[in-house]
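Trainee: Here it is: the structure, laid out below.
The values are calculated or read from the model by the stated rules, or taken from the named source; none is laboratory data. This structure is a prediction, so every number in the text was calculated from the model and none was measured. Virtual Cβ from ideal backbone geometry, glycine too; neighbours counted across all protein chains shown. These area figures cover heavy atoms from the full protein model, side chains too; ligands, DNA and RNA do not enter into them. Shrake-Rupley method; radii C 1.70, N 1.55, O 1.52, S 1.80 Å.
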Amino acid sequence: MRIILLGPQGAGKGTQAARLSERTGARHISTGDLVRAEIKAGTELGRKVQEYNDRGELVPDEIIVEMAKPHLREAGSWILDGFPRTEAQARALDEALEELGVGLDRVVALEAPDEVLVRRLSGRRQSEATGRIYHLEHDPPPPDDPGPFVQRKDDTEEAIRRRLRLYHEQTEPLKGYYAERGLLATVDATRSIEEVTEELLRVLGVGA
Ligand code: AP5
Ligand code: ZN
């Protein structure tokens, strides 16, 4: 299975990709996680991408494409979360897939209005121990996750607003790009985490 989860910040791409990965065995590839891992490791690349990340801006296409490529090559079956995010990235992905001789099965857009997204992002916490994503109200951390539970640098009100604006300007048009290719499906992401997973499995034709 090779799919893309498209959607605005807080729609639940990371949450759903992790759950789909558990159910299907496909690898969860998140370019946001790759960016945060480089920053944490303090590499030269990490220093380069940190400013963009912390301000809620997009990392330049060439850098993000180079970061994603080796992962596409390694895993036969994957769920892309947060990539592609611009038309240039979508074209680069098409080229990379052509080189690998494989195609995309489906592109699923998770949809929710901005007010819902802002509420979700301000309550988001991530476990430093397990990397799991939680929400203070909707999905609180279980007792067996030792934490600590931290807030992301880009989950400030200002960065959230900037990320949503960039999404509408640069990423949302990709829905048209994939609809033209007959690959797009949309899922209402305002429902509960479990309901959205069930709908995704249905759309992807994976047995529950
Ligand atoms: P990235 O990490 O991808 O961040 P993002 O796009 O801002 O998306 P989020 O992770 O905020 O949202 P999500 O949809 O994954 O939501 P989540 O599941 O966590 O990218 C970070 C940065 O890296 C970018 O700003 C950029 O700088 C750089 N970058 C990455 N990729 C790039 C690219 N391709 N090009 C250029 N730059 C790139 O859920 C959010 C919260 O809601 C959680 O608390 C969760 O528990 C809760 N929640 C989820 N679903 C539900 C539900 N159904 N009901 C109730 N609560 C829910
Ligand atoms: Zn995410």
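Trainee: How large is ³J(HN,Hα), in whole Hz, for each residue of the stretch 79-92 in order, when computed from phi with the Karplus curve 6.51 cos²θ - 1.76 cosθ + 1.60 and θ = phi - 60°, using x for Gly and Pro?
Mentor: 10, 8, 10, x, 8, x, 10, 9, 5, 4, 5, 4, 5, 5
Trainee: Within the chain, what whole-number % of the accessible surface is contributed by carbon and sulfur, with the 1.4 Å probe and all protein chains included in the calculation?
Mentor: After summing per-atom areas, the C and S share lands at 48 percent.
Trainee: So who's got an amide H within less than 5 Å of the one on Gly7, skipping anything under 5 residues away but keeping other chains? H placed 1.01 Å off N, in plane.
Mentor: Leu110
Trainee: Let me ask something additional. Indicate the gyration tensor shape class of the chain (rounded, prolate or oblate), computed on the Cα atoms with a ≥ b ≥ c the square roots of the eigenvalues: a/c under 1.5 is rounded; otherwise a/b larger than b/c is prolate and the rest oblate.
Mentor: Verdict is rounded for the chain.
Trainee: Quick one: order Ser122, Ser77 from most to least accessible surface, probe 1.4 Å.
Mentor: The residues order as Ser122, Ser77, largest area first.
Trainee: Next question. According to the square roots a ≥ b ≥ c of the eigenvalues of the Cα gyration tensor, what is the shape class of the stretch 62-110, taking rounded for a/c under 1.5, prolate for a/b larger than b/c otherwise, and oblate for the remainder?
Mentor: rounded
Trainee: May I ask you to compute the full-extension gain from Ala129 to Ile193, defined as 0.36 nm times their residue separation minus their alpha-carbon distance, rounded to one decimal in nm?
Mentor: 20.8 nm
Trainee: Work out, step by step, the length gained on full extension between Asp144 and Glu74: first 0.36 nm times the residue separation, then minus their alpha carbon distance; give nm to one decimal.
Mentor: Using 0.36 nm per residue and subtracting the Cα-Cα distance, I get 22.0 nm.
Trainee: Quick check: with the 1.4 Å probe, what order do Tyr134, Tyr52 take by accessible area, largest first?
Mentor: Tyr52, Tyr134
Trainee: I want to check the label-to-label distance for Asp94 and Glu22. Put each point 7 Å from Cα in the C-beta direction and report it in nm to one decimal.
Mentor: Distance between label points: 3.6 nm.
Trainee: A further question follows. Provide, for the chain, the number of lysine pairs with alpha carbons under 25 Å apart, each pair being eight or more places apart or on different chains.
Mentor: Lysine pairs satisfying the spacing and distance rule in the chain number 11.
Trainee: First measure r as the distance between the Cβ atoms of Val203 and Glu44, then evaluate 1/(1 + (r/R0)^6) with R0 = 45 Å and state the FRET efficiency to the nearest 0.05.
Mentor: Once the sixth-power term is evaluated, E becomes 0.65.
Trainee: Ok, one more. For the chain, what does -39500 (n - 2.57) per DSSP helix run (n ≥ 4), summed and divided by total residues, give at 222 nm, in deg cm²/dmol to the nearest 500?
Mentor: Computed ellipticity for the chain at 222 nm equals -15000 deg cm²/dmol.
Trainee: Could you put Lys175, Lys48 in order of accessible surface area, largest first, with the 1.4 Å probe and the full protein assembly present?
Mentor: Lys48, Lys175
Trainee: While we're on this one: His135's amide H: which non-local residues (gap 5+, or another chain) put their own amide H closer than 5 Å, with H modeled 1.01 Å from N in plane and none for Pro or chain starts?
Mentor: Under 5 Å from the amide H of His135: Arg125.
Trainee: Quick check: the distance between the Cα centres of the stretch 135-193 and the stretch 15-70, to the nearest angstrom?
Mentor: A separation of 14 Å, based on Cα centres.
Trainee: Same structure, new question: May I ask you to evaluate 6.51 cos²θ - 1.76 cosθ + 1.60, the Karplus curve with θ = phi - 60°, for each residue of the stretch 22-29 and list the ³J(HN,Hα) values in order in whole Hz, giving x for glycine and proline?
Mentor: So the J values, rounded to whole Hz, are 4, 6, 10, x, 6, 6, 7, 10.
Trainee: Can you tell me what share of the DSSP beta bridges in the chain is antiparallel? A percent to the nearest 5 is fine.
Mentor: 25 percent
Trainee: Rolling a 1.4 Å sphere over the protein heavy atoms, what is the accessible area per residue of the chain, to the nearest Å²?
Mentor: 51 Å²
Trainee: At 1.4 Å probe size, with no ligands or nucleic acids counted, give the accessible surface of His138 in Å², nearest ten.
Mentor: Surface open to solvent at His138 totals about 110 Å².
Trainee: Using +1 at the C-beta of Lys and Arg and -1 at the C-beta of Asp and Glu, which of Gly147, Leu204, Gly182 has the Cα lying farthest in the positive direction of the dipole of the stretch 65-207?
Mentor: Gly147
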